[in-house]
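Undergrad: First, the structure itself, so that you have it in front of you.
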Amino acid sequence: MDATLDATAERTAVVVALADTRTDPPEAGPAGEQPAAEPPAAPAPPEPAPPAVPTASETSAADTADTADTADTADAAGAVGGPTVPAQAGPGGFGRPAEPAQRQPRPVLTELRLSAFGTHRSAVFPLGPLTLFAGPSGSGKSQALAAHEALAGLGSGALLEEVFPDPRARIPDRAVPDAQRRRGFRLGCTVDGPVGPVRLDLAVQAEPTLRIVGERLSQDGQVLLATALRDPGRRSVQAAWLTGGAIGVTRAPLPDDRLGTALLPLRVAGSTAGQRQVLAAAEQVVVALRAVFPCDPRPDLMRAAVPPGEGRLLGDCANLADVLRRTRSECGTRYALLAEAARTGCAGPVAGLDVRAPAGGAPVAAVLDRGPGRPATELARLGAGELRFLALALVLLTGPGVLAVDPAAELLSARQALTVLADDFDRGLDRRQSAELLRLALLSCGRGHIRLVAAVGEGTAATARDLPGVAVVDLGA
C-alpha cells in the first residue's frame, strides 16, 4: 500500500468522537480542575493508505492543528485525541532524552487521569504510596477508584465488558451522542519505574457498542503505540508501534475489547532498539496494573467457618479464617503484628488471635483469645466494624503471596509493589480503628512493597491531613 499520506490525513481518518458535547457551559470539576474542551464528533471515513511516519515535530504540529483544544489541555485530561504515529529514530540512531536522576525502583502508578468520566472533567490525580480520596457524597471518590480498578483489570488481560459491566454509568450525565449516536469516556495513568515515567491513555466508546477506540502509550513525549478505530464495522482497531531500524513503524490490527499495551509483549520480538523500548515501557505498565488488589471486606460473609484452602485472601475477605491459619503457621512476625492491632481495634481484652482448625479438612474458624480464664470469642460474634478492621489490617500487613492477586511471574516479588484499592475504607469503623489502620498503612507503605489508594469519610481524612506521608485528595472543594 502507498505510504505517502501525511500525519494530518491519518489523524482525520482515525478520530472517533467520545466528546461530551454539552449544550450548557462547562463547569469546574472536583478539586478545582478546569474542564478541557472536547473534540467534535466525526464519523470514521473509509480506511486510507497507511501514512508516512512523521517526525516528532510534525506529530506535535498535527496534534495541535487537528484538535478543538490545545494538545496540552487534551493530554492533561488523559484524552486520546487521534492517531499519533510513533516517530522513528533520528539520524544518530534511536535516541531518548537524558534519564532522570531518580526513578521508582518498582513499577507503580503515580498519576490517574479522568476526562469526561462520570463526574470528573479533566481531572489529574497524583498517586503516592498512601493516597486517600475525600469529599462529599457524589463528588467522585468511588468513580476514581473504579477507574483505577478498570485499568488494573485491562492490564491483567480482562475483556472490556468485564471491567465495565455497566459502561453507561461512566458517561457524564449531560453528554449527548454525536450523529452516529456514540458516547464514551476517557481515562489514563502514568506508571513510573525503572525505565522512567510512561503514559497510557484510553478512549472508550460506551454506546452504541462498547469498545476501545483509541489507545496511546508514550514516554518522554514520544508515542510508542497508537491505536485508532478506522472501520466501525470491524471489531478491531488499527495499531502502529515503534520498531526502529529500517522498518520504523509496525502496523497491525488489534482487538477493540482488550488493552493493546498488554498484548505488545506477545507481538514484539525485541530485536531492535525501538522494539526494546516499546517492550520495556509496555511491560512496566502491565506489571504495575497487574499488581492491584481491590478490597471490600464483607462482614456478613466473614462470620462462618470456611473450608481449608490455599490461604489466599479474597477481595471480600470471606475466607479470613483460612488466611489467618496460614499466616499463623508461615509468618509469626506478621501474625504477632496483627494480634497487636486487634488489641486496639477490637472491644474488650484481647490476648491474641487463634485459629481452630480441626483435622480431616473440617471447616476452619478464627477466634479472639481473651486471656487466661476467659472464653475465646469466635469471629461470628464480632461486630461488623471489628471484622472489617481485622480484614483490612491483615491486608495491610501481608503481601502478594497471601492476597488473591496474579502479579507478573517474570519479575521477582521484591521488585513489585502491590497497590490495595479500598472504597469506603473506613465504613463501619470508629476513630480508634481508623487511626490504627492509618498507622499500619504508614508502616507498610513506608517499606515500598505496599501502596494504598482508598476513599474515606471526612473524619478519617481530617486525621490523615495531619500525618506526614499521607496524601489526601479533596474532591468537591
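Undergrad: Treat each spin label as a single point 7 Å out from the Cα along the C-beta direction, and report the residue 276 to residue 159 distance in nm.
TA: With each label point 7 Å from Cα toward Cβ, the separation is 3.8 nm.
Undergrad: Skipping prolines and chain starts, which residues have an amide H placed within reach, meaning under 5 Å, of the one on residue 424, given they are 5 or more residues away or on another chain?
TA: Excluding prolines and chain starts, which carry no amide H, the hits are 455.
Undergrad: Please give the per residue volume of the convex hull enclosing the alpha carbon atoms of region 256-408, rounded to a whole number of Å³.
TA: Residue-normalised Cα hull volume stands at 153 Å³.
Undergrad: Pull out the extension gain between residue 312 and residue 343, defined as 0.36 nm times the separation in residues minus the alpha carbon to alpha carbon distance; nm, one decimal.
TA: Length difference between fully extended and current span is 8.8 nm.
Undergrad: So if I place +1 on the C-beta of Lys and Arg and -1 on the C-beta of Asp and Glu, and nothing else carries charge, what would the dipole magnitude of region 315-364 be about its Cα centre? I want it in debye, nearest 20.
TA: 100 debye
Undergrad: Not counting ligands, DNA or RNA, and with a 1.4 Å probe, what is residue 220's accessible surface area in Å² rounded to the nearest 10?
TA: Surface open to solvent at residue 220 totals about 80 Å².
Undergrad: Evaluate 2.2 N^0.38 Å with N set to the residue count of region 347-404, then give the Cα radius of gyration divided by it.
TA: In units of the 2.2 N^0.38 Å rule of thumb, it is 1.26.
Undergrad: Using the Cβ atoms and a cut-off under 15 Å, what net charge is assigned to the surroundings of residue 335, where Lys and Arg are +1 and Asp and Glu are -1?
TA: Surrounding charge for residue 335 is 0.
Undergrad: What number in nm² do you get for region 319-381 if you take the convex hull of its Cα atoms and divide its surface by four?
TA: Computing the convex hull of the Cα atoms and averaging its projections yields 4.6 nm².
Undergrad: Which value, in debye to the nearest 20, describes the size of the charge dipole of region 281-344 about its Cα centre when Lys and Arg Cβ atoms bear +1, Asp and Glu Cβ atoms bear -1, and nothing else is charged?
TA: 200 debye
Undergrad: When the scattering of region 213-279 is computed by the Debye formula from its Cα atoms alone, each counted once and equally, what is log10 I(q)/I(0) at q = 0.24 Å⁻¹?
TA: Per q value, in the given order, log10 I(q)/I(0) is -1.03.
Undergrad: Across the Cα atoms of region 132-189, what radius of gyration and what greatest pairwise Cα-Cα distance (Dmax) are found, in Å?
TA: 13.0, 40
Undergrad: Report the rotationally averaged projected area of region 239-278 based on its alpha-carbon convex hull, in square nanometres.
TA: 2.6 nm²
Undergrad: Another question about this same structure. Amide H of residue 451: which non-local residues (sequence gap of 5 or more, or other chain) have their own amide H closer than 5 Å, using H built in the peptide plane?
TA: Amide H to amide H, under 5 Å and 5 or more residues apart or across chains, residue 451 pairs with 418, 419, 420.
Undergrad: Give me P(r) over region 330-477, computed from all C-alpha to C-alpha distances, binned every 10 Å, as integer percentages.
TA: Computed distribution, short to long bins: 10, 36, 34, 17, 3, 0.
Undergrad: Per residue, how much space in cubic angstrom lies within the convex hull of the C-alpha atoms of region 141-257?
TA: Expressed per residue, the convex hull around the Cα atoms of region 141-257 is 131 Å³.
Undergrad: At residue 443 and residue 174, where each label point lies 7 Å from the Cα along Cα→Cβ, what is the point-to-point distance in nanometres?
TA: 4.8 nm
Undergrad: If you don't mind, another one. Computed from the mean reciprocal separation of all distinct C-alpha pairs, what Kirkwood hydrodynamic radius does region 241-310 have, in Å?
TA: Roughly 15.4 Å, rounded to one decimal.
The values are calculated or read from the model by the stated rules, or taken from the named source; none is laboratory data. Since this is a predicted model, take the numbers as computed values, not measurements. As a convention, Cβ positions derive from the backbone with ideal geometry for all residues, glycine included, and neighbour counts pool all protein chains shown. The accessibility values were calculated without ligands, DNA or RNA, using every heavy atom of the protein model including side chains. Shrake-Rupley method; radii C 1.70, N 1.55, O 1.52, S 1.80 Å.
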